[in-house]
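A short worksheet on the structure shown next.
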Amino acid sequence: MANLACEFIGIKSINPFWLASAPPTDKAYNVVRAFEAGWGGVVWKTLGEDPAPINVSSRYGAHYGQNRQVLGFNNIELITDRPLQVNLDEITQVKKDWPDRVIIVSLMVPCEEESWKNILPKVEATGADGIELNFGCPHGMPERGMGAAVGQVPEYIEMVTRWCKQYCSLPVIVKLTPNITDVRLPAAAAMRGGADAVSLINTINSITSVNLDTMSPEPSVDGKGTHGGYCGSAVKPIALSMVSEIARDPETANMPISGIGGISNWRDAAEFITLGATNVQVCTAAMLYGFKIIDDLCDGLSDWMDTKGYKNINDFSRKAIPNTTDWKHLNMNYKRIAHIDQDICIGCGRCFAACEDTSHQSILQTGDLGKRKYTIIDEECVGCNLCEITCPEPNAIKMVDIDTGKPHLSWLHHPENPYREEK
Amino acid sequence: MSFTHDIKSNRLLDVEISDNFSDIAPPLSDKQVLVASERCLFCYDAPCITACPTGIDIPLFIRKINTGNNHGAAKEILSANILGGSCARVCPTETLCEQVCVRNKHEESPVEIGRLQRYAVDHLDTTQPYPFTRAESTGKHIAIVGAGPAGLSCAHQLAREGHQVTIFEAAPKSGGLNEYGIALYKLVDDYTQKEIEFVLKIGGIDIQYEKALGRDVSLAQLREKHDAVFLGIGMGDVNALNIPGEHYPGVEDAVAYIKELRQKSELSNLPVGRRVVVIGAGMTAIDIAVQSKKLGAEDVTIVYRRDKSAMGASQHEQDLAQTNGATFICNAQPKEIIGSDTGITEMTFNKTMLDDNGKLVVTDDIISIPCDVVFKAIGQKFESSPLGNDSESKPALDQRGRIAVNDNFQTSLNDVYAGGDCINGKDLVVEAVDHGNKAALAIHQQLKKQINQGE
């Protein structure tokens, strides 16, 4: 039986699943329910200076799939709207009651040394395990010079991180915004400031929809809307890439990462860990289904580890990093083509429409109208995967490796590359 | 104790009957539609389109429903099949579009095309302009005989092309079998008349009621006064059992009984037998059996001379009969109806079997079923007498005795077309609509040629 217990920047956790700083971790009531359900830790919803901000009514906007499944949603909530002392007292009590669970306190105060110097000792006194600097919140708070307004300026990140390390002995995690061109720069800045780890991604600037009757973006507040922070399953691919960028870059490769962004199940979590995360934070999936999903997260991950022979998280941590590379290193002599299994194929023709209309005309349509048969024209197929992606039937289309008999050849060394490097 | 001739009305309370005859497949809710429409895979060259006699672009209308474009979905359906609303309710979709749905292969349950189609047509936005327009008047005038599905679709299509249409209908109402023949629980709330009202909104269609061909108007007269004639006159007659006792009271024609039922305002007033035997195994047999049960008959037995696999009614229809408490007896050929001039008491049958060559043979094994009513539902036949007796001016008939037509639904008479049940086919509403559509296009082509040639 695999051991899910792990250690992240010196903080021990019974499993790698923490709840991210967000409404699910806003107060003791929620956090206790999460711990009862089995979550390894929480990042307490961001504390700030008093007076606490005031939130608006109507806060989330959804991006739905065809059958109302939530692909992603956004929020325009601010940091905690409860007085600082209330939060500090609750954190102290919960940590005392749940010593084996992790509590990280998320923080966001103005970009002034005095503000940080003032709040840090109060947080440390709660007995919390660490702090996370919210440099990512993309809505509302940046208009006040905080959140992503700091996260988008690497120099600020470095400066504030340094203050935190100076005025507090707790481990410091810097939470990064994805609303930036190259996430490696703020990560490196955090490292220079002395951060123990980075966590990413925070939410993405977004407008999820527009009400076509009222002409107001959602979520609508009295007929007006604003951009909010997008999260959920839809952002997972973006987050995975950003995590891998930091893990692959020589400058930041040794920086511990807490992975965040659309993690909805154990498989997502495992993927983040293979690309560089040491643990993961979950929010949207819990907000959609409740805390009970922790059972599947733990159980699924543990069973998968058992089948693979991984005894603990470290055994597969960063395992996909060596296989994550730049385009120029990909083997141009590799070939794969699609194969349609006629026993499984249901004859919907979606692959044909996709390939014929939008790709490489590599699928042959035969048979009478109403009884069509689809087969791959091997010579035409470039192995793009589009047919496999559009196919509604699992396993009906398989991508098959073709032995070209040719050696590995990347663009770097390709004869048609005018700037090729000689081997 | 005698059960003789136990035929009476009011076997059930009005409230029970009303419940029994409510919509058999109630409309899907918005949420159900979301789930059902999402299952459609938007197939390329979708098999369902091919399986639909009217070729409705099913994946496209379902996609439109799924995106909230219900009005567009309804227009998509109606432009291919102006009676798309009733077809959604009465089509045996399990043997048409839904039978070939690709979802059947691994999931054994097709997209609910019929019910989605009903949802779409029901959600046509009536505050919008009528979705069809008439072309400029051609000055041509077409006579249509029969305001059933074939005649109505033909009329609508011709009206769209700018022609003037007069429909001659023998009955006091239009709709044909939709009004007089389909089981009541499939077309509730006077749907047929509402649908016809929508059809006629195109304009240019005049209906003359209680004008029967061969009685009030002759084919020769119609041809003389019109530029073309379309015959959508249905079958007109039913097959007989040709066995002793068929003339006794209590032996009924299922088609006639259903017609009476469909027009009855108080169903409880209908006389219903306590023990009912239905002869036949097609849709009409199922309809009369189920409706008899719903009216309060205690025992309903459907007797068929072949085995179950040869039945005309689909499995879905057979299940419906059994769910409603009817019993099937197969391989039994009618022998005699026992009774007198006051009614009947039982019916006897010879058991049948297949011989080594697969031929049905009648055995000496006799069974008897006590009954108060026997419904004959062994198929209808085309009654050709309304066409007239003059072989010169009467359209030729095919081998089965129905009106012969070519691929354009043109009869042996150059200006006379025919479609629906009076020509050879599957005898389905949706097929009749298709005949009407295609005949209209052929008539339009013919008349256009005449116009271009200055005739």
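The values are calculated or read from the model by the stated rules, or taken from the named source; none is laboratory data. All of these numbers come straight from a predicted model, not from anything done at the bench. Counting neighbours? That spans all protein chains shown, and the Cβs are built from the backbone with ideal geometry, glycine included. These accessible areas exclude ligands, DNA and RNA; they are computed on the full protein's heavy atoms, side chains included. Shrake-Rupley method; radii C 1.70, N 1.55, O 1.52, S 1.80 Å.
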Tell me which residues, restricted to the range A:32-54, are among the hydrophobic types (A, V, I, L, M, F, W, C) and either closer than 16 Å to A:Cys298 by Cβ or not assigned by TED's automatic domain parsing to the domain that holds A:Leu84 (or both).
A:Ala34, A:Phe35, A:Ala37, A:Trp39, A:Val42
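Looking at this structure, is B:Leu116 crowded, with 18+ Cβ neighbours inside 10 Å and either modelled with pLDDT under 95 or in the same structural domain as B:Leu219 (by TED's automatic domain parsing) (or both)?
When the stated conditions are applied, B:Leu116 does not pass them.
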Number of positions in the range A:65-78 that are farther than 18 Å from A:Val221 by Cα and in contact with a strand residue (DSSP E or B) (Cβ under 6 Å, 6 or more places away or on another chain)
4
Can you spot a residue in the range B:77-91 that is away from chain A (no Cβ under 13 Å), aliphatic (A, V, I, L, M) and under 29 Å from A:Cys387 (Cα atoms)?
no
For residues in the range A:128-158 being in contact (Cβ under 8 Å) with a residue 40 or more places away in the chain and part of a helix (DSSP H, G or I), which is nearest to A:Glu112 (Cα to Cα)?
A:Tyr156
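Sort out which residues of the range A:316-351 are assigned to a helix (DSSP H, G or I) and either open to solvent by 80 Å² or more (accessible area, probe 1.4 Å) or free of Cβ contacts under 8 Å to residues at least 24 places away in the same chain (or both), and write them in order of number.
The initial filter retains those residues of the range A:316-351 that are assigned to a helix (DSSP H, G or I), namely A:321-323, A:327-329, A:350-351.
Within the range A:316-351, A:Pro322, A:Asn323, A:Trp327, A:Lys328 qualify.
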Given the options B:Gly176, B:Gly84, name the one that is touching a Gly at 6+ places or on another chain (Cβ under 8 Å) and either in contact (Cβ under 8 Å) with a residue 24 or more places away in the chain or open to solvent by less than 40 Å² (accessible area, probe 1.4 Å) (or both).
B:Gly176
All strands (runs of 3 or more DSSP E) inside the range A:60-127 with 1 or more residues being under 26 Å from the mean Cα position of the chain (by Cα) and within 14 Å of chain B (Cβ to nearest Cβ):
A:60-64, A:70-75
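If you check A:Pro23 against the conditions, is it in the same structural domain as A:Val235 (by TED's automatic domain parsing) and either open to solvent by less than 20 Å² (accessible area, probe 1.4 Å) or touching a helix residue (DSSP H, G or I) at 6+ places or on another chain (Cβ under 9 Å) (or both)?
Numbers: in the same structural domain as A:Val235 (by TED's automatic domain parsing): yes; either open to solvent by less than 20 Å² (accessible area, probe 1.4 Å) or touching a helix residue (DSSP H, G or I) at 6+ places or on another chain (Cβ under 9 Å) (or both): yes.
Here the answer is yes, as A:Pro23 does meet what is asked.
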Odd one out for B:Gln291 among (1) assigned to a helix (DSSP H, G or I); (2) of a type in the set (S, T, N, Q); (3) open to solvent by 10 Å² or more (accessible area, probe 1.4 Å):
(3)
Checked against (1) in contact with a His (Cβ under 9 Å, 6 or more places away or on another chain); (2) surrounded by fewer than 24 Cβ atoms within 10 Å (Cβ to Cβ); (3) of a type in the set (A, V, I, L, M), B:Ala171 satisfies every condition except (1)
Taking the range A:374-400 and the residues there that are part of a strand (DSSP E or B) and more than 11 Å from chain B (Cβ to nearest Cβ), the one that is surrounded by the most Cβ atoms within 10 Å (Cβ to Cβ) would be A:Ile397
If we only count helices (runs of 4 or more DSSP H) wholly inside the range B:1-69, which ones have 3 or more residues that are charged (D, E, K, R) and either within 30 Å of A:Gly347 (Cα to Cα) or within 11 Å of another protein chain (Cβ to nearest Cβ) (or both)?
B:30-38
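On the basis of being away from chain A (no Cβ under 14 Å), in a helix (DSSP H, G or I) and under 21 Å from B:Lys438 (Cα atoms), does B:Gly72 make the cut? Give the steps one after another, and end with the answer.
Values: away from chain A (no Cβ under 14 Å): yes; in a helix (DSSP H, G or I): yes; under 21 Å from B:Lys438 (Cα atoms): no.
Against the criterion (away from chain A (no Cβ under 14 Å), in a helix (DSSP H, G or I) and under 21 Å from B:Lys438 (Cα atoms)), B:Gly72 does not qualify.
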Would you confirm whether or not the range A:114-126 contains a residue that is touching a Phe, Trp or Tyr at 6+ places or on another chain (Cβ under 7 Å), charged (D, E, K, R), open to solvent by less than 40 Å² (accessible area, probe 1.4 Å) and farther than 22 Å from A:Glu218 by Cβ?
no
Suppose we filter the range B:443-455 for residues that are closer than 16 Å to B:Ala159 by Cβ and either among the hydrophobic types (A, V, I, L, M, F, W, C) or outside any helix (DSSP H, G or I) (or both); how many remain?
2
Looking across the range B:94-112 at residues that are among the β-branched types (Val, Ile, Thr) and open to solvent by 20 Å² or more (accessible area, probe 1.4 Å), the single one that is farthest from the other protein chains (Cβ to nearest Cβ) is B:Thr95
Return the total of residues in the range B:340-384 being surrounded by fewer than 19 Cβ atoms within 10 Å (Cβ to Cβ) and of a type in the set (A, V, I, L, M).
8
Options A:Asn15, A:Asn3, A:Asn30; residue that is open to solvent by 40 Å² or more (accessible area, probe 1.4 Å) and of a type outside the set (Phe, Trp, Tyr)
A:Asn3
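Okay, residues lined up against (1) within 30 Å of B:Glu298 (Cα to Cα); (2) free of Cβ contacts under 8 Å to residues at least 24 places away in the same chain:
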{"position": "B:Gln333", "(1), (2)": "yes, no"}
{"position": "B:Leu354", "(1), (2)": "no, no"}
{"position": "B:Asp365", "(1), (2)": "yes, yes"}
{"position": "B:Pro386", "(1), (2)": "no, no"}
{"position": "B:Ser393", "(1), (2)": "no, no"}
{"position": "B:Arg400", "(1), (2)": "no, no"}
{"position": "B:Asp407", "(1), (2)": "no, yes"}
{"position": "B:Ile423", "(1), (2)": "no, no"}
{"position": "B:Val433", "(1), (2)": "no, no"}
Hey, could you check the range A:338-369 for residues that are closer than 19 Å to A:Pro394 by Cβ and among the β-branched types (Val, Ile, Thr) and say which is farthest from the other protein chains (Cβ to nearest Cβ)?
A:Ile340
Being touching a residue at least 40 places away in the same chain (Cβ under 8 Å), crowded, with 16+ Cβ neighbours inside 10 Å and either within 14 Å of chain A (Cβ to nearest Cβ) or under 24 Å from A:Gly349 (Cβ atoms) (or both), is that true of even one residue in the range B:122-144?
no
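Among the residues in the range B:254-268, are any under 20 Å from the mean Cα position of the chain (by Cα) and of a type in the set (Asp, Glu)?
Step one: of the range B:254-268, the residues under 20 Å from the mean Cα position of the chain (by Cα) are B:254-264.
Retained after the next criterion (residues that are of a type in the set (Asp, Glu)): B:260.
Yes: the range B:254-268 contains one or more residues that are under 20 Å from the mean Cα position of the chain (by Cα) and of a type in the set (Asp, Glu).
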